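Here the structure comes first, spelled out in structure tokens, and everything after it is commentary.
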Amino acid sequence: MIDWIQIFSNAAQELISPTTAAYALAALGLAIHFGYTGLLNFGQAGFMALGAYGYAISILSFGFPVWGAVLVGIGASVVFALILGIPTLRLRADYLAIVTIAAAEILRLTFTTNTFADITGSASGLQGYKGGFADLNPIPTGSYGFGPFTYNAYDWWIRIVGWSLVVILALVTWLIMRSPWGRVIKGIREDEDAVRALGKNVYSYKMQSLILGGVYGTLGGMIFILPRSVVPANYQTSLTFFVYAILLLGGAATILGPVIGSVIFWVLLSFFSGFVARAVEAGWLPFMSQVQAGQLRFILVGIAIMLIVIFRPQGIFGNKKELAFVK
Amino acid sequence: MSSNVTPTSTPVKTTGLHVGDAGPGCRKVDPILIADNVRRTFGGLTAVDVEHVEVPRGAITALIGPNGAGKTTLFNLLTGFDKPDSGKWEFDGRSLAHVPAYRVARMGLIRTFQLTKSLALLTVLDNMKLGAKGQIGENLFRSFLPFLWRKQDDEIEAKALEILARFKLDTKKDDYAASLSGGQRKLLEMARALMSDPTLVMLDEPMAGVNPALTQSLLDHVLDLKSKGMTVLFVEHDMHMVRHIADWVIVMAEGKIVAEGDPHLVMQDPAVIDAYLGAHHDADIGTTDTEHVEVLKELIDDEQ
Ligand SMILES: Nc1ncnc2c1ncn2[C@@H]1O[C@H](COP(=O)(O)OP(=O)(O)O)[C@@H](O)[C@H]1O
Ligand SMILES: [Mg+2]
């Protein structure tokens, strides 16, 4: 018999999981890039990887304090954004797409290769960097919470930091997007030549947007590794596409969209994987092995997202009025 | 300029703009824009090859010529949207060569586009506010501190509403620009250009595709720019409009300036007829043909 309580309680845990927060941050960054500025960044996985490795390497190889490691990650992603943006932001939008997808793969392969195994841990990645962050935890040791949301002090600490960051950055994004800066950014999305003709340095604004959204992704990458270890295989192009799926699910040019999109994505994913795994166990799906079942959840999530995009193409929080005019 | 000129059906023409004989590249008493040897080729095609041209300050100058004459390309070159193979040009005494488009705009030279560029998913009011120069809140580090820019933004909004009212777009202020008609978008683009108090406004075919009901209002707005002390350079195919509002006409054909002069006199210049006839001869598409025939008829009407 299927243990529905277990499936639902696992799914409910994703509501506040650090992974959900991490993806929400990355999607919020993409909202700045794609939703507001119209930049096609297909390398968000690269920015996340820089957050993960920048943080872990700073601590493991150089013994940096937490704040130093965070700054290294942010610095690395600013440099990465400059390298991506300087040659491409003057060109047509598709150049950025190609360059970002390639650059993110180069980063991942660099982290995977054995050449730098001493620093990057190559394919097996890095662990043992959590001490500094755990030391900052003001919560006394123990177990807290109720029902499915019962965690130890460290797990609560990650959740509190992760979701605080989500709230702060969502607020910041909301503030800047309703400012004159946001007006220029949205104007660039609509027609950058028109904005140029009004005396705005479009190139500089696009660069600012690329850096800012990239830093969001990098912070997401740091939150992502706090409950697990750093594994290069996590930073494949499919990661970027999951973040895009979250963004489109929630609404590309919205603040709440990426956050709620991430929550829905992870709750659904957990629900489907729990359901499929137990259904196979219970012999409901005799044609399927456990391994195949693990893959099936992505197919089901894909279908769920397709349905939402077909029947609500502006995303959950998007404005229907805007969509009526999309070419 | 006298400030009491109001848009009327018989606009006050500005005369005495040139020095010596009117002709291609002739000097002006007070030029605002001067271009020298500006050339732009696309592969084997020379789109623009202007030896010398001056645009008179404080007047309305029409740039006419058959399709493909290079008018839009010249606009792009002058405003930094395209780079010439060679040449130099200056605006208000400052060289514009190698100056990027956004800096050209900041200097007070604002242009509009042949294909309207309204920002579709911005409201009409946001379109307008984007046009204002020197906004404090356009800096990322100040943008999330509204108290730094709120006051200026309110002033910009008041100005935008005032201009929108003049252009009879104020009732649309909260609508997306995408919901406007083609003519209203042309109006919006012109209105937006005024937000930065430009000294020279360059309009590329402001009347193209505009519903006749709006043409008169557009004409009045162009005349109004002059009465407010701005210089206007516009591309137009409609000879009636050119004759009606232009103080000076520059004629381009095959990339070159072939004639210049007072709107009534220049139409009698054989070079102008040749320009349109020449283009007519090797024109390749039907629509261009009929348009040129139309223009020719008007030119001939005018001579009689
Ligand atoms: N980007 C371009 N690439 C190639 N040829 C171009 C380009 N832009 C304009 N041309 C050519 O330059 C000539 C002048 O075009 P244009 O300036 O648009 O003329 P007009 O505005 O006077 O109708 C035309 O023959 C046109 O085909
Ligand atoms: Mg043209």
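No value in this document is a laboratory result; all are computed from the given coordinates. Bear in mind that the values here come from a model prediction, so they are computed numbers and not experimental data. Positions of Cβ are generated from backbone atoms using ideal geometry, with glycine treated the same way; all protein chains shown enter the neighbour counts.
Provide the FRET efficiency to the nearest 0.05 for the A:Leu175-B:Asp154 pair, computing r from the beta carbons and using R0 = 25 Å. Mind dumping the intermediate values first?
On the way: r = 17 Å, r/R0 = 0.69.
Between A:Leu175 and B:Asp154 the formula returns 0.90.
Report the gain in length on full extension from B:Asp274 to B:Thr41: 0.36 nm times residue separation, minus Cα-Cα distance, nm rounded to one decimal. Display every interim value, and only then the final one.
Working: separation 233, 0.36 × 233 = 83.88 nm, distance 2.28 nm.
Fully extending the segment from B:Asp274 to B:Thr41 adds 81.6 nm.
Send over the semi-axes of segment B:120-179's equivalent ellipsoid, whole angstrom and largest first, taken as the square roots of 5 times the C-alpha gyration tensor eigenvalues. Working shown, then result.
Numbers: eigenvalues 101, 34, 14 Å².
Each semi-axis is the square root of five times an eigenvalue, giving 22, 13, 8 Å.
Relative to the first principal axis of the alpha-carbon coordinates of chain B, what is the inclination of helix B:212-227, with its axis defined by its Cα atoms, in degrees from 0 to 90 and to the nearest 10?
The angle comes out at about 80 degrees.
Within 10 Å of each Cβ in B:140-152, how many Cβ atoms from other chains are there, averaged over the peptide?
Numbers: counts 12, 3, 4, 13, 11, 3, 4, 0, 1, 3, 1, 0, 1.
Partner-chain Cβ atoms within 10 Å, mean over residues of B:140-152: 4.
Roughly how crowded by other chains is peptide A:183-190, in terms of the mean Cβ count from those chains within 10 Å of each of its Cβ atoms? Working shown, then result.
Working: counts 12, 6, 3, 5, 9, 1, 4, 10.
Average per residue, whole number: 6.
Pop a pseudo-label 7 angstrom from the Cα along the beta-carbon direction at both A:Trp284 and A:Val167 and give the gap in nm to one decimal.
Between A:Trp284 and A:Val167, the simple spin-label model gives 3.7 nm.
Filter chain A for me: DSSP H helices, axial length by Cα at least 30 angstrom, mean Kyte-Doolittle hydropathy not below -0.5. List them by residue number. If you can, show how the numbers build up before the last one.
Numbers: long enough: A:66-88 (33 Å, 2.11); A:153-177 (35 Å, 1.63); A:202-225 (35 Å, 1.01); A:256-281 (37 Å, 1.62); A:290-311 (32 Å, 1.90).
Length and hydropathy pass: A:66-88, A:153-177, A:202-225, A:256-281, A:290-311.
Placing +1 on the Cβ of each Lys and Arg and -1 on the Cβ of each Asp and Glu in chain B, which of B:Ile32, B:Leu122, B:Gly68 has its Cα farthest towards the positive end of the resulting dipole?
The Cα lying farthest towards the positive end belongs to B:Leu122.
Taking chain B as a Gaussian network, Cα atoms linked when under 10 Å apart, which of B:Asn139, B:Asn211, B:Asn127 shows the biggest mean-square fluctuation?
B:Asn139
With unit charges on the beta carbon (Lys/Arg positive, Asp/Glu negative), name the residue among B:Ala178, B:Gln135, B:Pro146 whose Cα is farthest towards the positive pole of the charge dipole of segment B:120-179.
The one lying farthest along the dipole's positive direction is B:Gln135.
Exposure proxy check: A:Met306, A:Met177, A:Met207 ranked by fewest other beta carbons within 10 Å?
In order of increasing Cβ crowding within 10 Å: A:Met306, A:Met207, A:Met177.
Gain in length, B:Asp85 to B:Thr10, computed as 0.36 nm per residue apart minus the alpha-carbon separation, to one decimal in nm?
22.8 nm
Report, in degrees rounded to the nearest 10, the 0 to 90 angle that the Cα long axis of helix B:270-281 makes with the longest principal axis of chain B.
Computed tilt is about 80 degrees.
Quote the FRET efficiency, to the nearest 0.05, computed for A:Met306 versus B:Glu294 with a Förster distance R0 of 51 Å and r equal to the Cβ-Cβ distance. Present the calculation step by step, with values, prior to reporting the outcome.
Numbers: r = 52 Å, r/R0 = 1.02.
With R0 = 51 Å, the Cβ-Cβ based efficiency is 0.45.
Once the Cα gyration tensor of the protein assembly as shown is diagonalised, what are the square roots of 5 times its eigenvalues, in whole Å and ordered largest first, as equivalent ellipsoid semi-axes?
Numbers: eigenvalues 703, 115, 108 Å².
They are 59, 24, 23 Å, listed from largest to smallest.
With charges only on Cβ, +1 for K and R and -1 for D and E, what is the dipole size of chain B about its Cα centre, in debye, rounded to 20?
Working: 32 positive and 43 negative charges, 301 e Å.
Dipole magnitude for chain B comes out near 1440 debye.
Step by step: find N for chain A, compute 2.2 N^0.38 Å, then divide the Cα radius of gyration by it. What's the final number? Intermediate results must be reported in sequence, preceding the final value.
Numbers: Rg = 20.3 Å, N = 327, 2.2 N^0.38 = 19.9 Å.
So chain A has a normalised radius of gyration of 1.02.
Grab the beta carbon distance between A:Ser143 and A:Asn114, set R0 = 35 Å, and tell me the FRET efficiency rounded to 0.05.
Details: r = 41 Å, r/R0 = 1.17.
About 0.30, to the nearest 0.05.
If you find the alpha carbon centre of segment A:210-242 and of segment A:1-74, how far apart are they in angstrom?
Each part reduced to its Cα centre gives a spacing of 4 Å.
Angle check, please: helix B:182-194 long axis (alpha carbons) against the longest principal axis of chain B (alpha carbons), in degrees 0 to 90, nearest 10.
Long axis of B:182-194 versus the principal axis of chain B: about 70 degrees.
Using just the helices of chain A, give the 222 nm mean residue ellipticity in deg cm²/dmol: DSSP H runs with n ≥ 4 each add -39,500 (n - 2.57), and the total is spread over all residues, rounded to 500. Could you put the intermediate results ahead of the total?
On the way: 15 runs with 226 residues, N = 327.
The helix-only estimate for chain A comes to -22500 deg cm²/dmol at 222 nm.
Using the Kirkwood radius over C-alpha pairs as Rh, can you work out the diffusion coefficient of segment A:181-327 via Stokes-Einstein at 20 °C, viscosity 1.002 mPa s, in µm² per second? Please report the intermediate quantities before stating the final value.
Numbers: Rh = 18.0 Å.
Here the translational diffusion coefficient equals 119 µm²/s.
Quick query: amide H of B:Ala97 versus all other amide H atoms, modeled in the peptide plane; which residues come in under 5 Å with a sequence gap of 5 or more or a different chain?
It is B:Trp89, by chain and number.
Nothing charged except the Cβ atoms of Lys and Arg (+1) and of Asp and Glu (-1): what's the magnitude of the dipole of the protein assembly as shown about its Cα centre? Round to the nearest 20 debye.
Values: 51 positive and 56 negative charges, 503 e Å.
In total the dipole reaches around 2420 debye.
For the charge dipole of chain A, defined by +1 on Lys and Arg C-beta atoms and -1 on Asp and Glu C-beta atoms about the Cα centroid, which residue among A:Ile160, A:Leu175, A:Leu25 has the Cα displaced farthest towards the positive pole?
Most positive-ward Cα: A:Leu175.
Explain nothing, just compute: Karplus ³J(HN,Hα) = 6.51 cos²θ - 1.76 cosθ + 1.60, θ = phi - 60°, for every residue of segment B:246-256 in order, whole Hz, x for Gly and Pro.
7, 8, 8, 10, 10, 10, 10, 8, 6, x, 10
Between B:Arg111, B:Arg192, B:Arg150, find the one with the highest GNM mean-square fluctuation for chain B; connect C-alpha pairs within less than 10 Å.
With Cα springs under 10 Å in chain B, the top fluctuation among B:Arg111, B:Arg192, B:Arg150 is at B:Arg150.
Which of these, B:Leu148, B:Leu225, B:Leu119, has the largest mean-square fluctuation under a Gaussian network model of chain B (Cα springs below 10 Å)?
B:Leu148
Dipole size in debye (nearest 20) for chain A around its Cα centre, Lys and Arg Cβ +1, Asp and Glu Cβ -1? Write down the numbers at each step before the final one.
Values: 19 positive and 13 negative charges, 165 e Å.
For chain A, the charge dipole is close to 800 debye.
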